[in-house]
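Shown next, in structure tokens, is the structure this report addresses.
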Ligand SMILES: [Ca+2]
């Protein structure tokens, strides 16, 4: 193949990828929900509550169910908190995030073969100057990404945003109830694809971490709300970015009242050095069939509460009255 043919082939591929991105962008959610700044529940949906069993018998060991729970009604953000929403918070409060104060954050990059052999988790690099405004480091920005989920935020950053709006981060149970949306375990323990086999969440298609086929049109984070909502009207619970919960990760699920001193404690109220990892939920654009496989409602993972990364964001909840 001649160089020019190769070039035109690449160009055609690039145009196809751009078109796929444009098609998705057209049907995604806006950067700020309607009535933002006017309605205290802007961008939220009310979840009626009910009884369900968190966990799954078909997932990892730490997902095993530990009994049914009752969930009171609550409101939850329909989408992950966007860069535009977080920017509004920062503008109103002059908040300085942990990564801005500490000088860096963890950035994902497709690793070279040699890098993969040299160290574990070679796809993560602590990058000076990376923070929510510059998610991939100093050379990156939020230009054109107002409606993408904010990342490079710690648990404390996410909690501060929630407090600003008079809300909290979801408990793991609230998050999972909203994500399952009345469906059973059996329907959840599979890759997020629809009946036609098409991706219905932003996860990694291909072989992680070297080959991303972009079958879903996205190499990294996507704008929020590009994929169909679940039965409760909530978007991107699965994939795009992992989401902070306010619960501590202390191993396998345990029934309520187990004596665990960290159960249902607001992690942000505990001094950093004494803080256990937090539970994050939903998987991210980096979860693939050969790695992570946590793009499921029952799946869970421990995350250092003070570690900002490029694949963890959050959404908020509020009490169900009113
Ligand atoms: Ca998500």
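Only the coordinates and a few stated rules stand behind these numbers; no lab work does. None of the values given here were measured: they were computed from a predicted structure. Cβ coordinates were reconstructed from backbone atoms using ideal geometry, including for glycine residues, and neighbour counts include every protein chain displayed.
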Can you tell me the alpha carbon radius of gyration of the range 181-251 divided by the globular rule-of-thumb value 2.2 N^0.38 Å?
1.22
In whole angstrom, how far apart do the alpha carbon centroids of the range 166-237 and the range 88-150 sit?
22
Per the helix-only calculation at 222 nm, which mean residue ellipticity applies to the chain, given -39500 (n - 2.57) for every DSSP H run of n ≥ 4 and division by its residues, nearest 500 deg cm²/dmol?
-6000 deg cm²/dmol
Which log10 I(q)/I(0) values, to two decimals, does the chain give at q = 0.06, 0.11, 0.12 Å⁻¹ under the Debye formula with one point per Cα?
-0.20, -0.68, -0.81
Defining a contact as two alpha carbons under 8 Å apart and six or more residues distant in sequence, what relative contact order in percent does the chain show?
24
Of 137-144, 206-213, 297-304, 85-92, ordering from highest average Cβ density within 10 Å down gives 297-304, 85-92, 206-213, 137-144
Peptide ranges 248-254, 214-220, 173-179 listed from the most packed, as the mean C-beta count within 10 angstrom indicates
173-179, 214-220, 248-254
Counting all C-alpha pairs of the range 107-158, share separated by more than 15 Å (%):
55
Against the longest principal axis of the chain, how steep is helix 3-26, in degrees 0 to 90 to the nearest 10, with axes from Cα atoms?
30
For the Cα atoms of the chain, what angle does the longest principal axis make with the long axis of helix 155-164, in degrees from 0 to 90, nearest 10?
70
Which angle between 0 and 90 degrees, to the nearest 10, do you get for helix 83-93 versus the longest principal axis of the chain when only C-alpha atoms count?
60
